[in-house]
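Participant: Pasting in a structure now, in C-alpha cells, and then I'll have a few things to ask.
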Amino acid sequence: MKTGRLEAFSDGVIAVIITIMVLELKVPHAGTPEALLTVAPSLLIYGLSFAVVAIFWVNHHHLMEKARQASAALLWSNNLLLFWMSLIPFATGYLGEHCHAPLALVVYGSVFVLTSASYLLFQMVLSKQDPNDAARQLEFKKLNRKAAFSIGCYIASVALAFVSVYASYAIFVMIPMLYFWPERKSRTGTEPAARF
C-alpha cells in the first residue's frame with residue numbers, strides 16, 4: 001500500500017475528531033454575559049484540545065513525508081494512534097462538564113498519555129524503515145526523546161490531579177506551548193518534525 005492512502009485515512013479520522021469536539025459544545029440559552037460564562041470552561045478546554053489535535057496532525061504529516069512504505073507495522077501503529085485520538089472528544093467533553101473534578105482531569109490526562117505513547121510507537125516503527133541512515137536515526141532519536149518527555153509530563157498531570165487541579169491544567173497548557181518554542185535545525189538541515 002502507498003503511504004498516501006494511510007495519510008488520507010488519518011486526515012479523515014482527525015477531521016471527524018475535530019468535528020465531534022465542536023459539535024459537543026453547548027450554546028448558552030440566554031444572550032447574557034453570565035450565560036456565556038457558564039460555557040467558558042468548555043470553550044477553553046475545547047481550544048486546548050483543538051490545539052493538541054492540530055499539533056498531532058501537523059507532526060503526523062511531517063512524519064509521513066519520511067515514510068518509505070506503508071508496512072503492516074506502520075499501518076497498525078497508525079490505527080492505534082487514531083484509536084486513542086478518537087477518545088479525545090469524550091475526554092474533552094467530560095472535562096468541560098466537570099472542570100474542577102480530579103477524576104475528569106485523570107481521564108483527560110490519561111487519554112493524552114496513551115495518545116502520546118502510541119505516537120511514540122508510530123515514530124519508532126517509522127524509524128526502523130531505514131536503519132542504516134545515520135542522520136535519519138539521529139533525528140528520530142531526538143524526536144523520540146521529545147515524545148518521551150511529553151508522555152512524562154502527561155503522567156505527572158494525572159498524578160497531580162488529586163493534589164492540585166491547577167497544576168494539572170498548567171501542564172496541559174505547557175505541553176502545546178512547547179511546540180511553538182523556537183529551536184535549532186537538525187544536522188540534516190531540516191526542521192524538526194515533531195514535538196509529541
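Participant: Return the whole-Å distance between the Cα centroid of the range 61-124 and the Cα centroid of the range 1-54.
Facilitator: Answer, in whole Å: 15.
Participant: Kindly provide log₁₀ I(q)/I(0) values, in the same order as q = 0.10, 0.19 Å⁻¹, from the Debye equation applied to equal alpha-carbon scatterers of the chain.
Facilitator: Those come out to -0.44, -1.32, one per q.
Participant: Give me the Kirkwood hydrodynamic radius of the range 68-156, using the inverse of the mean 1/r over all pairs of distinct Cα atoms, in Å to one decimal. Before the final figure, lay out the partial values.
Facilitator: Numbers: mean 1/r = 0.0703 Å⁻¹.
In the range 68-156 this quantity evaluates to 14.2 Å.
Participant: Provide the per residue accessible area, probe 1.4 Å, for the chain, rounded to a whole number of square angstrom. Please list the in-between numbers first.
Facilitator: Numbers: 10510 Å² over 196 residues.
Ligands and nucleic acids excluded, the figure is 54 Å² per residue.
Participant: Okay, next question. Report, in deg cm²/dmol and to the nearest 500, the calculated mean residue ellipticity at 222 nm for the chain, where each DSSP H run with n ≥ 4 adds -39500 (n - 2.57) and the sum is divided by the residue count.
Facilitator: On the way: 8 runs with 144 residues, N = 196.
Mean residue ellipticity, 222 nm, calculated: -25000 deg cm²/dmol.
Participant: For the chain, give the percent of accessible area contributed by carbon and sulfur heavy atoms, probe 1.4 Å, rounded to a whole number.
Facilitator: On the way: 7270 of 10510 Å².
The nonpolar share, carbon plus sulfur, comes to 69 percent.
Participant: Normalising by the residue count of the range 47-162, find the relative contact order in percent from Cα pairs under 8 Å and 6+ residues apart. Mind showing how you got there, number by number?
Facilitator: Values: 92 pairs, mean separation 35.2, N = 116.
RCO, the range 47-162: 30 percent.
Participant: Restricting everything to alpha-carbon atoms, can you work out Rg to Rh for the range 1-88 with a Kirkwood hydrodynamic radius? Write out the running numbers ahead of the final one.
Facilitator: On the way: Rg = 16.9 Å, Rh = 14.8 Å.
My calculation puts Rg/Rh at 1.14.
Participant: For the range 2-52, I need the span (max minus min coordinate) of the C-alpha atoms along each principal axis, in Å, sorted largest to smallest.
Facilitator: 52, 18, 10
The values are calculated or read from the model by the stated rules, or taken from the named source; none is laboratory data. Keep in mind it's a predicted model, so treat the numbers as computed, not measured. In case anyone asks, the SASA skips ligands and DNA or RNA and just uses the protein heavy atoms, side chains included. Shrake-Rupley method; radii C 1.70, N 1.55, O 1.52, S 1.80 Å.
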